[in-house]
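The structure appears right after this line, and notes come after that.
The values are calculated or read from the model by the stated rules, or taken from the named source; none is laboratory data. Nothing here was measured: the structure is a model prediction, and the numbers come from that model. Positions of Cβ are backbone-derived with ideal geometry, glycine not excepted, and every protein chain shown enters the neighbour counts.
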DNA sequence: AAAATAATTAACCAAATGGTTAAATTATTT
DNA sequence: AAATAATTTAACCATTTGGTTAATTATTTT
């Protein structure tokens, strides 16, 4: 009558994912995870030796799902415009489906930077140097050539991230805490960002012939 | 009167501030705070009934220090350019001096949105409607007029915030975990943002005719 | 200086929490 | 069907942790 090994384990990871995302590593309670998974706390430790190891399993799974999707968008082959477009689309989409993710992610990154950074760097799909170089070659003129390409990454990521990570406050202060209005704001935003970014690029289009060489 | 009392209490708040910022409400330990303040745990509870009340005291103090500074930058009287300039300068400055603040802030905002949002909304210096209206009136043309002014706020805040909140990861991935390089990146960024934002605005300046053009 | 009040401590306490043990139940293999 | 292995549970356990008590030491007040 009872669930098979695999099913139970997956149920645990699934529900642990929820709880960890909501409460963080410290805030999460093993009892709550066990309860929500409909099992005994001892069984939880049967499948995962410790809270940490459960957390690792959850985190690994999340990252392993996100990173490939993420890095697909950053192929050096594609044009910068394309990269930005698909990046913005994906990022906004993902956050809308996983609202607490940013908060959780950055919290844990600060609590345990080395562990998580090492883990993420371990993902072979991501090649930071390639990304930076790809951007460097294609920077639109208004990104002053003396500045680091990392500024552009920060810009795009920051603009995508902010309304999601700041939601609880931002929604209350600027949207009268109206969920629907905020959701509308968020869906509108992908469009807005792409329009805006394209607009800025287009204004300088005449100067770009192919791949402007800039030295940094 | 009780010179000691004040000193102890302030010492507690000071050290609690550190610990809470680093570990968050859940992660912080009363014992650690007591130790670092060089006092007994019982004395900690003598001054602050509970962990929560200590946390509140710390949070209130932080907010009360930041908000006025913050809202000063958002006076509806000043020009949008000025607002952005001083906002970016202040924001970047503050984060450089309080690196863990963003992470801490957003974590707590998500853990207890109502409490903190209510508290922040209680600060009478901040009038969201005024801010939005002020921005609405002065939006540069490339911010499509159909879009909400909140987009612009998200843009500026997001671009300021990102490299700070993402630092542990970003530094490791894109800067070979070199503290100095990252610090340089951060100090360069204020300049970069102002240059970039000014540049974008200037390109549409013909319709506004206000400030002399700078050369980029 | 004595009484009263405030600040501080050592020793406890109860609840919560991550984790364990050993037995029981269920599945699988022989 | 018996033996073996995997899964699940109830009852515990040790530690941690926020919080308390009651006594002690300053500090003010009278």
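Would you check if there is a residue in the range B:23-43 being away from DNA strand C (no atom under 16 Å from the Cβ), surrounded by fewer than 16 Cβ atoms within 10 Å (Cβ to Cβ) and either in the same structural domain as residue B:168 (by TED's automatic domain parsing) or part of a helix (DSSP H, G or I) (or both)?
No - not one qualifying residue is present in the range B:23-43.
Output the number of the condition that residue B:137 fails; it satisfies all remaining conditions of (1) closer than 30 Å to residue A:191 by Cβ; (2) not assigned by TED's automatic domain parsing to the domain that holds residue B:187.
The failed condition is (2).
Can you tell me which residue is modelled with the highest pLDDT among those in the range A:139-151 that are surrounded by 19 or more Cβ atoms within 10 Å (Cβ to Cβ) and more than 8 Å from chain B (Cβ to nearest Cβ)?
A:149
Could you tell me whether residue A:162 is at pLDDT 90 or above and either crowded, with 17+ Cβ neighbours inside 10 Å or touching a helix residue (DSSP H, G or I) at 6+ places or on another chain (Cβ under 9 Å) (or both)?
So residue A:162 passes the test.
Tally time: how many residues in the range B:15-44 are over 18 Å from residue A:107 (Cβ atoms) and without any contact (Cβ under 8 Å) to a residue 12 or more places away in the chain?
The total comes to 6.
In this structure, is residue B:121 out of contact with any helix residue (DSSP H, G or I) (no Cβ under 8 Å at 6 or more places or on another chain), at pLDDT below 85 and either part of a helix (DSSP H, G or I) or surrounded by 14 or more Cβ atoms within 10 Å (Cβ to Cβ) (or both)?
No.
Inspect all residues belonging to the range B:96-106 and state whether any of them is surrounded by fewer than 18 Cβ atoms within 10 Å (Cβ to Cβ), assigned by TED's automatic domain parsing to the domain that holds residue B:157, closer than 30 Å to residue B:135 by Cα and within 16 Å of DNA strand D (Cβ to nearest atom).
no
Under 7 Å by Cβ, and 6 or more places apart or on different chains, what pairs join a residue from the range A:154-172 that is closer than 23 Å to residue B:122 by Cβ with one that is not in a helix (DSSP H, G or I)?
Pairs found: A:167/A:99; A:171/A:177.
Out of the range B:56-83, which residues are within 14 Å of chain A (Cβ to nearest Cβ) and within 16 Å of DNA strand D (Cβ to nearest atom)?
The one that is within 14 Å of chain A (Cβ to nearest Cβ) and within 16 Å of DNA strand D (Cβ to nearest atom): B:59.
Residue-by-condition table, conditions (1) part of a helix (DSSP H, G or I); (2) within 15 Å of the chain's Cα centre (by Cα); (3) within 22 Å of residue A:26 (Cα to Cα):
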position: A:71; (1), (2), (3): yes, yes, no
position: A:103; (1), (2), (3): yes, yes, yes
position: A:133; (1), (2), (3): yes, no, no
position: A:148; (1), (2), (3): no, no, no
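Considering each residue of the range B:44-54, count those that are part of a helix (DSSP H, G or I), over 27 Å from the mean Cα position of the chain (by Cα) and either within 14 Å of another protein chain (Cβ to nearest Cβ) or more than 7 Å from DNA strand C (Cβ to nearest atom) (or both), and give that number.
3
Of the residues B:87, B:48, B:59, only one is within 23 Å of residue B:108 (Cβ to Cβ), without any contact (Cβ under 8 Å) to a residue 40 or more places away in the chain and surrounded by 17 or more Cβ atoms within 10 Å (Cβ to Cβ); which?
B:48 is the lone residue from the list that is within 23 Å of residue B:108 (Cβ to Cβ), without any contact (Cβ under 8 Å) to a residue 40 or more places away in the chain and surrounded by 17 or more Cβ atoms within 10 Å (Cβ to Cβ).
Checking residue B:154 against (1) more than 7 Å from every other protein chain (Cβ to nearest Cβ); (2) not in a loop (DSSP other than H, G, I, E, B), which single condition isn't satisfied?
Of the numbered conditions (1) more than 7 Å from every other protein chain (Cβ to nearest Cβ); (2) not in a loop (DSSP other than H, G, I, E, B), the odd one out for residue B:154 is (1).
How about the range B:62-75: which of its residues are surrounded by 15 or more Cβ atoms within 10 Å (Cβ to Cβ), in contact with a helix residue (DSSP H, G or I) (Cβ under 8 Å, 6 or more places away or on another chain) and closer than 21 Å to residue B:139 by Cβ?
B:73, B:74
Given the criterion assigned by TED's automatic domain parsing to the domain that holds residue B:164 and modelled with pLDDT under 80, identify the matching residue among B:88, B:83.
B:83
Looking at the structure I just gave you, is residue A:101 at pLDDT 90 or above and facing another protein chain (nearest Cβ under 9 Å)?
Against the criterion (at pLDDT 90 or above and facing another protein chain (nearest Cβ under 9 Å)), residue A:101 does not qualify.
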